[in-house]
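One structure is given below, encoded as structure tokens.
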Amino acid sequence: MSEASETIFSKIVRREIPADIVYEDDLAIAFRDINAQAPVHILVIPKKPIPKLADAQPEDQALLGHLLLVVQRVAAQEGLTQGYRTVINTGEDGGQTVYHLHLHILGGRFMAWPPG
Ligand code: AMP
């Protein structure tokens, strides 16, 4: 998959394609994964199109912290009181398929370890 910064997620941010959006603020948006791997599977993304975690810069420090707090907030909103898993796939070996930074929230069932 290409690493062009314009991805389907930018189109979701701009409301050019539909998504089941569960949270939004000035910096981030969260929506349900179209191919859910758990009863709750939500993606939290920055509106800024950082392709992958490895591309984040020192000036993105506050944004990266904000994304984790959005994860916490969305997980609470979804009622994930038993816990949840947060995943960031990075690059080819990380299994990343969409090159717009995103944090997966997976919950509603027990998550095995190690992952595949
Ligand atoms: P990753 O493999 O970490 O890059 O994850 C990309 C995720 O985006 C996958 O879990 C896909 O199911 C999900 N995805 C791709 N297109 C869409 C879409 N249009 N709406 C919601 N989720 C999507």
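Just so you know, all these numbers are worked out from the coordinates, no wet-lab data involved. The model shown is predicted, which means the values in this text are computed figures rather than measured ones. Positions of Cβ are generated from backbone atoms using ideal geometry, with glycine treated the same way; all protein chains shown enter the neighbour counts.
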Of all residues in the stretch 47-57, count the ones that are within 14 Å of the ligand (Cβ to nearest atom) and not in a helix (DSSP H, G or I). 4
Among the residues of the stretch 22-60, write down those that are without any contact (Cβ under 8 Å) to a residue 40 or more places away in the chain, in contact with a helix residue (DSSP H, G or I) (Cβ under 8 Å, 6 or more places away or on another chain) and closer than 20 Å to residue 79 by Cα. 29, 31
In the stretch 11-21, which residues are part of a strand (DSSP E or B) and either within 7 Å of the ligand (Cβ to nearest atom) or more than 23 Å from residue 79 (Cα to Cα) (or both)? none
Quick test for you: out of 60, 93, pick the one residue that is of a type in the set (D, E, K, R) and within 16 Å of the ligand (Cβ to nearest atom). 93
